[in-house]
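The values are calculated or read from the model by the stated rules, or taken from the named source; none is laboratory data. Here the structure is a predicted model, which means the values were calculated and not measured. Here the Cβ positions follow ideal geometry from the backbone for every residue, glycine too, while neighbour counts run over all protein chains shown. Just so you know, the surface numbers come from the protein's heavy atoms only, side chains and all, with ligands and any DNA or RNA stripped out. Shrake-Rupley method; radii C 1.70, N 1.55, O 1.52, S 1.80 Å.
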Amino acid sequence: MFALVIITLSSIDSLPVFDKIKIYETAFQCNSKIIEIYKEKRKLIANYPVSVKLEKDQKSHNMLTFIYKEDYNKPKKTGIYRCIKTH
């Protein structure tokens, strides 16, 4: 089983926030969900100052990095989407 973990980093001084954890039966299902999220987030680039990167780790699993600002007066937030094997 694999878990899709979404972590949000606000700044260096604050602790990371685990937004959601969703369980999938296979790595393929979990990686497919990351690709689907990537396609949705890519659409935001046209209208908002965001950055979206889809990378592969050493085990060829997808990892999505989404950087955005909620407000111009607040620091950037980084969302990390990653599949992790559960035991």
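Quick look at the values:
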{"item": "Boolean, Asp57 is open to solvent by less than 50 Å² (accessible area, probe 1.4 Å) and acidic (Asp, Glu)", "result": "yes"}
{"item": "Residue satisfying all of: in the range 32-81; touching a residue at least 60 places away in the same chain (Cβ under 8 Å) and in contact with an Asp or Glu (Cβ under 8 Å, 6 or more places away or on another chain); nearest to Thr8 (Cα to Cα) among these", "result": "Gly79"}
{"item": "Of all residues making up the range 62-87, the number that are touching a Pro at 6+ places or on another chain (Cβ under 8 Å) and aromatic (Phe, Trp, Tyr)", "result": "1"}
{"item": "Residues being under 19 Å from Asp71 (Cα atoms) and open to solvent by 80 Å² or more (accessible area, probe 1.4 Å) - total across the range 1-35", "result": "2"}
{"item": "One residue from Tyr68, Tyr48 being in contact with a Gly (Cβ under 9 Å, 6 or more places away or on another chain) and farther than 18 Å from Ala3 by Cβ", "result": "Tyr68"}
{"item": "Search result, residues across the range 36-51 that are hydroxyl-bearing (Ser, Thr, Tyr) and open to solvent by less than 50 Å² (accessible area, probe 1.4 Å)", "result": "Ser51"}
